[in-house]
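Right, one structure below, let's go through it.
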Amino acid sequence: MTIDVLVVGAGIIGAACADALAAEGLAVTVIEREAIGSGATAAGMGHLVVMDDNPAELALTAYSVALWRQLVAVDPKPHEYSCCGTLWIAADEEELAVAREKQRTLSEHGIACELLDAASLYAHEPQLRPGLCGGLRVSADAVVYPPKSAALLLARAQSRGAKLRSGQVSAVIEGGVLLADGSEIHASIVLVANGSASVQLLPELPVRPKKGHIAITDRYPGMINHQLVELGYIKSAHAADGDSVAFNLQPRPTGQLLIGSSRQFDVTDKTVEPAILARMLAHAASFVPGLTDLHVLRCWTGLRAASRDGLPLIGPHPSRPNVWLATGHEGLGITTSLATAQLLTAQIVGRQTQIPIVPYLPARFEQLGR
Ligand SMILES: Cc1cc2nc3c(=O)[nH]c(=O)nc-3n(C[C@H](O)[C@H](O)[C@H](O)COP(=O)(O)OP(=O)(O)OC[C@H]3O[C@@H](n4cnc5c(N)ncnc54)[C@H](O)[C@@H]3O)c2cc1C
């Protein structure tokens, strides 16, 4: 059997790409070494969020959040999609100015959002600590359950003819891949979509692991209503080095709360670290004091694939013929998966992309050669 595209990795990115490629009638095979969606995809919070740190990030996230809305339009339940919106919290006047700027940028791009003064902030979220200044409510942001979405996308790819193989890719070779058992799979295109492990196959990639911790509580329905994120998050999420924690709290449709998150560069040991977890939980409780009374059921970690400029790599490898990339999605891969799949597929079939592709092309990194 001839394979047009061999997708390495069945996380949310590989699954979304397989689905979009199979929809074009291409012969797709996905190879996964563990369970579907068991990497960073299982660890992620599943917040579908429009981010505006730079124009390319805004274009990609806004495009993808709209694609998610289309995907779940018929039935949101299988993805556990809930349109809870994001509430960005301003702790002081400086952060309120950031909220105002964010409102201006998002509004210019047609993203519905509302600036909140302190009184309306507490009307929306009474559990927040006293003394906060206000916030910004972005109503169309949403949440999904990422491993389930990955499984659903892969199942749809399979219904469109894609094949799933179990196995560990140990090297990308000319015309295909070498598996750990010594066998080879040949394909016209190899799509490297295996998240933070992509550097194991292609060491030249400008991608580093960034470990994150998450905790999940028992069920407390109605305690909070939005995904709550501190505006200070933007500073810590983009720090170039060092460990950091930021307040990020999500109401699951089950009534459980997901508490995040931490960021540690170049840590690949996935063990839960009590010190950083305690720091993260204490920081979260400083925003929602009632969290200290809740029962935490489980904590885990995952590895984000952080690219050097914070944007994913979507497109052909500039110096390895027939090798394509969909990696480096850092803390936004659930959000941007569907747009990634569309941008990648359009390039492969030679169609115009819906948004300008240049900011995401791997060729922007000189170290990848030409
Ligand atoms: C704590 C945390 C919170 C997050 N929160 C959010 C959020 O709220 N919103 C958001 O948009 N994003 C979030 N993210 C980011 C998001 O989870 C990732 O960007 C996304 O899951 C990346 O998906 P992926 O498919 O590229 O990688 P992965 O999910 O890691 O999938 C890669 C797959 O490849 C397989 N694989 C690896 N190597 C090989 C090999 N050699 N051979 C075969 N198979 C292989 C792995 O087993 C895995 O299944 C978060 C991440 C973390 C860690």
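The values are calculated or read from the model by the stated rules, or taken from the named source; none is laboratory data. Computed from a predicted structure; not experimentally measured. Don't worry about glycine lacking a Cβ; one is built from the backbone with ideal geometry, like all the others, and counts go over all protein chains shown.
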>> Is it the case, given these coordinates, that Leu205 is buried (at least 20 other Cβ atoms within 10 Å of the Cβ), part of a helix (DSSP H, G or I) and of a type outside the set (Gly, Ala, Ser)?
In response: no
>> Let me spell it out: the conditions are (1) assigned to a helix (DSSP H, G or I); (2) under 30 Å from Asn322 (Cβ atoms); (3) free of Cβ contacts under 8 Å to residues at least 60 places away in the same chain; (4) among the charged types (D, E, K, R), and Glu57 meets all of them except one. Which number is the exception?
In response: (3)
> Yes or no: Ser262 touching a helix residue (DSSP H, G or I) at 6+ places or on another chain (Cβ under 6 Å) and free of Cβ contacts under 8 Å to residues at least 40 places away in the same chain?
Replying inline: no
> Out of segment 174-184, which residues are touching a residue at least 40 places away in the same chain (Cβ under 8 Å), more than 21 Å from Ser38 (Cβ to Cβ) and touching a Leu at 6+ places or on another chain (Cβ under 9 Å)?
Replying inline: Gly176
> Of everything in segment 30-59 that's of a type in the set (D, E, K, R) and near the ligand (Cβ under 6 Å from one of its atoms), which residue is farthest from Pro76 (Cα to Cα)?
Replying inline: Arg33
>> Cβ-Cβ distance below 7 Å, separation of 6 or more or different chains: which pairs start in segment 325-351 with a residue that is closer than 9 Å to Cys17 by Cβ and end on one that is in a helix (DSSP H, G or I) and of a type in the set (Val, Ile, Thr)?
In response: Ala326/Ile13; Ala326/Thr340; Ser337/Ile12; Ser337/Ile13; Thr340/Ile13
>> Checking Pro312 against (1) more than 18 Å from the chain's Cα centre (by Cα); (2) within 15 Å of the ligand (Cβ to nearest atom), only one condition comes out false. Which one?
In response: (1)
> Restricting the first residue to segment 1-13 and requiring it to be closer than 17 Å to Val172 by Cα, which pairs with a second residue that is among the charged types (D, E, K, R) and modelled with pLDDT of 95 or more meet a Cβ separation below 7 Å and a spacing of at least six or different chains?
Replying inline: Gly9/Glu32; Ala10/Glu32
>> Whether any residue in segment 333-346 is modelled with pLDDT of 95 or more, more than 16 Å from the ligand (Cβ to nearest atom), over 25 Å from Glu230 (Cβ atoms) and outside the structural domain of Arg129 (by TED's automatic domain parsing) is what I want to check.
In response: yes
> When segment 164-188 is examined, which residues are found to be away from the ligand (no atom under 14 Å from the Cβ) and in a strand (DSSP E or B)?
Replying inline: His186
>> Tell me which strands (runs of 3 or more DSSP E) are completely within segment 237-353 and hold 3 or more residues being more than 20 Å from Ala43 (Cα to Cα), or say none if there are none.
In response: 313-316, 323-327
